[in-house]
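For reference, the structure discussed in these notes is given below.
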Amino acid sequence: MPDRTELPHVSSGADDAVRPGPSRRPVEAVLFDFHGTLAQVEEPLAWVLAAAAACGVELDRIRATSLADRLLTAGRAGGPLPARVPPRLAELWADRDLYPHAHRGAYTGLAETVDTGIDGFADALYERVLVPEGWVPYPDTAPVLGALRSAGVKVAVVSNIGFDLRPLFAAWDLDALVDAYALSYEVGRCKPDPGIFLRACGMLGVDPERTLMVGDTPADAGAVAAGCGVLVLPCADAGRPNGLGAVLDLAGAG
């Protein structure tokens, strides 16, 4: 992973010559994954209750919890992945991060496999992923993005996603801290394809070798093939710090 430091000087012994160790190029830009890195989807029970309310239905906690468990097994936008994708949804599922209609169709189709007895519920569940209230930015997201901006380090969001993230960042007052968005449905490439990382670097005008990709999945590590450094963090629950402070150390922005 890139850093600004050099290895300690080493004495040759006989002539006491000192040789500097090798160093990586300084980090000029950081690429961030979105889900599981900068933000997490709202808690499942809150997700189900909010969607039901949008349909004019008030659910008791027991029924809402039961529905949430079944819907998570079926597959929720923002995770977890479905236990099974019905054949009729296979094509939409394969294209979900490349086209908005496929993203919506795949996830509403999965929700419709659960008999909820609520008209329009699948669409209401999907709408939650499109609004800022359906997500929870990690508590260390804003401070880290702000510190990178103050240090002059450029930032891009690189996400496999089928809808626009810009309105969410604007609602969270984070849009001024992001220089570019490389979204799979706009770029036409999905992580781990090196193309999406190279596109992000191009948007920022930064050499990949001076860029750090930060994410939480093996797909994010695909940035290595594009020449970027990579930091993979464990995905934290909503509301808990996500370890993003490590980025500042690597970028020399601490």
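Points to keep in mind about this one:
- Selection of first residues in the stretch 228-248 that are part of a loop (DSSP other than H, G, I, E, B) and of second residues that are β-branched (Val, Ile, Thr) and open to solvent by less than 40 Å² (accessible area, probe 1.4 Å), restricted to Cβ pairs under 7 Å at least 6 apart or on distinct chains, gives the following pairs, ordered by first then second residue: CYS228/THR211; LEU233/THR37; LEU233/VAL214; ASN242/THR37; LEU244/THR141; LEU244/VAL144.
- Test set (1) closer than 25 Å to ALA223 by Cβ; (2) open to solvent by less than 20 Å² (accessible area, probe 1.4 Å); (3) at pLDDT 50 or above; (4) not β-branched (Val, Ile, Thr) - ALA64 fails condition number: (1)
- Options ALA147, ALA142, ALA182, ALA151: the member that is in contact (Cβ under 8 Å) with a residue 24 or more places away in the chain, crowded, with 20+ Cβ neighbours inside 10 Å and over 30 Å from ARG63 (Cα atoms): ALA182
- Test: residue in the stretch 216-225 that is in contact (Cβ under 8 Å) with a residue 12 or more places away in the chain, in a helix (DSSP H, G or I), touching a Phe, Trp or Tyr at 6+ places or on another chain (Cβ under 6 Å) and surrounded by 18 or more Cβ atoms within 10 Å (Cβ to Cβ): yes
- Residues being outside any helix (DSSP H, G or I) and buried (at least 21 other Cβ atoms within 10 Å of the Cβ) - total across the stretch 192-215: 6
- Among the criteria (1) out of contact with any helix residue (DSSP H, G or I) (no Cβ under 8 Å at 6 or more places or on another chain); (2) of a type outside the set (Ser, Thr, Tyr); (3) within 25 Å of PRO80 (Cα to Cα), the one MET203 does not fulfil is (3).
The values are calculated or read from the model by the stated rules, or taken from the named source; none is laboratory data. None of the values given here were measured: they were computed from a predicted structure. All Cβ positions, glycine included, derive from the backbone under ideal geometry; neighbour counts span all protein chains shown. For the accessible areas, the whole protein counts, side chains as well, though only heavy atoms, and no ligand, DNA or RNA atoms are used. Shrake-Rupley method; radii C 1.70, N 1.55, O 1.52, S 1.80 Å.
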